[in-house]
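Every number in this text was worked out from the coordinates using simple rules, so none of it is lab data. Computed from a predicted model, the values in this text were never measured in an experiment. Note that each Cβ is placed from the backbone with ideal geometry, even for glycine, and that neighbours are counted across all protein chains shown.
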Amino acid sequence: MKIATAIQYFKLALRMKVYRHPFTNFRIGLHFLLIRINILLKTKKLTISPPNIVFSLTSRCNKTCDFCHYITELNSPEHKEDELSYDSFVEILDSEGCPSVGRICLYGGEPLLNKDFFKILAEAKKRKFLTSIVTNGLLITKYKSELQESNLDLMTVSYYPEDVEKIKPSLVNISKYIPINLSYVVSNNRIDEIEKFLIYARDINAAMVTIENLRENGITSEESLKENEQLKSQRVHLTENYSKHFILRWSGFNKIDTVNLKTSCVDFWDTIFVNAKGQISPCCQYPLNSYFGDIKKKSSSVNSLEMLKLRDQISSNQAPKNCEGCHYLYAKDPLYKS
C-alpha cells in the first residue's frame, strides 16, 4: 500500500470516529488479525466467528437491473418473507454464531425499504459495531435527516447514470455527515462511463470509490471485462489522475487464462451473510435460495459442513461451482467489504 493511500485510510478512520471506543476497536482489530492468521494457515474450522456480518434486510428492491445476481429472485412471492425484523435482528446478535464485535453491513434488495432499518442500525451502533449500508440511493432524499443523525460509519451508494443527478444534492449534503463509498459495476458497455463516474465521485466528496467488474448472470447481454493491455493502461491513467481525491479501489478484470492462478478469495473466512430467517450464505454473489443452516449455532453456520467444504476447496485451489466466473476468485483480497 502506498503512503498516500495509507494516509487516506487513516483520515477515513478519523471520520468514522474510531477513537471514540478505543478498547472496542482494539478488539475489532484483533479479531480481524486472528481471522487473517486463520486464512494464512488455511484453517477449515474457525475458532471465532467472522468479523464481517452482512444482514440481508429485505429481498425487495425499487430497481430492476438485469445485471443483478438476484434479478430472478428480488420482489418475488417466493422470498416475500425475507424481511428482517428488529426483534429477529436482536435475537441473531445474541446468538452463538454471531460475533460480539466487528462490522455489520445492512444489505438487500434495498435495505432502506425495511421499516425497521433505523431501529436495526441504532441497535448495531449501541453494541459498538462498525456499521455500513449498501443502497441504490433512491431513498436517501426521503430519509436524509434520519441518515444525518444515524452515526452510520460508511454508506456505499451504487452509481446508476440514470439516477445520479437527481440524488446528487442529497449525496453532497450527507457526505458531510457520513463517509460515502461510491460503487460502480462496469462491463463491456460501460467503459466510457468510468471517468464520468470518477468526476461525479469527486464532485459529491466521496471518501472512497469502488469499481467492480460485472459478473455475468446468464440474463444480461452485458459482458465482464477481460484483462488486456488497454484496460491496464486505462486503469493506471485514471488512478494517477483521481486517487488523490479519494481511496480508489478496483476489483480487477477477469483473467483470460486461469490455469496457473491460485484461488485466493478470503470471503469464506472473514464474512458471513445472514437472511431474515437466520440462515447463512458464504457470499453475496450466491442466490437467495442457497441460504442454509442457522446462525444461532456455529456447527450449522460458520463451521457447517458446507462452509468447511468451501474453505477446503479454496485452500486446495479448486473453484466452487457457484464461484465459477467470479473476478474475485483470484483476487488477492476481495473489495466487496462495503
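Before moving on, here are some points about what is shown:
- Of Leu310, Leu182, Leu33, the one that fluctuates the most in a GNM where the chain has Cα springs shorter than 10 Å: Leu33
- In loop segments of the stretch 204-265 as defined by DSSP, there are no chymotrypsin sites (Phe, Trp or Tyr not before Pro) with at most 11 further C-beta atoms inside 10 Å of their C-beta.
- Bridging of Lys2 to lysines at a Cα separation below 17 Å is possible for Lys11, Lys244, Lys332, once same-chain residues fewer than 8 apart are set aside.
- With a cut-off of 10 Å between beta carbons, the residues surrounding His79 carry a summed charge of -3, where Lys and Arg count +1 and Asp and Glu -1.
- The Rg/Rh ratio for the stretch 1-134, using Cα coordinates for both the radius of gyration and the Kirkwood hydrodynamic radius, is 1.01.
- Where Rh is the Kirkwood radius over Cα pairs, Rg/Rh for the stretch 26-80: 1.21
- Helical mean residue ellipticity (222 nm; -39500 (n - 2.57) per DSSP H run of 4+; nearest 500) of the chain: -9500 deg cm²/dmol
- The alpha-carbon positions of the chain define a convex hull whose volume is 134 Å³ per residue.
- Rounded to the nearest 20 debye, the dipole size of the stretch 3-316 about its Cα centre is 1320 debye, using +1 on the Cβ of Lys and Arg and -1 on the Cβ of Asp and Glu.
- Net +/- balance of residues flanking Gly108 in space, Cβ distance below 12 Å, scoring K and R +1, D and E -1: -2
- Here the stretch 116-230 is treated with +1 on each Lys and Arg Cβ and -1 on each Asp and Glu Cβ, and its dipole about the Cα centre works out to around 780 debye.
- Mean-position separation - Cα centroids, the stretch 181-195 and the stretch 238-252, in angstrom: 13 Å
- Which of Ile180, Phe10, Gln230, positive extreme of dipole for the chain (C-beta unit charges): Phe10
- DSSP-defined beta bridges in the chain - what % are antiparallel, rounded to 5: 10 percent
- Summarised as an ellipsoid, the stretch 174-296 has semi-axes of 28, 22, 14 Å, derived from the eigenvalues of the Cα gyration tensor scaled by 5 and square-rooted, with the largest first.
- Whole-Hz Karplus values for the stretch 22-39 come out as x, 5, 4, 6, 5, 5, 4, x, 5, 4, 4, 5, 5, 5, 4, 5, 4, 5 Hz, taken residue by residue from phi with 6.51 cos²θ - 1.76 cosθ + 1.60 and θ = phi - 60°; glycine and proline positions read x.
- Three-way shape label, the stretch 3-47, alpha-carbon gyration tensor, a/c 1.5: oblate
- Cα-centre dipole for the stretch 290-329 with unit charges at Cβ (Lys and Arg positive, Asp and Glu negative), debye to 20: 180 debye
- Averaging 1/r over each pair of different alpha-carbon atoms in the stretch 71-226 and inverting the result gives 17.1 Å, the Kirkwood hydrodynamic radius.
- For the listed residue pairs Lys142/Lys168; Lys80/Lys298; Lys44/Lys298; Lys277/Lys297, the alpha carbons are over 22 angstrom apart in Lys80/Lys298.
- Ranking Thr141, Cys61, Leu106 by how far each Cα lies toward the positive end of the dipole of the stretch 60-156 (charges on Cβ) leaves Thr141 at the top.
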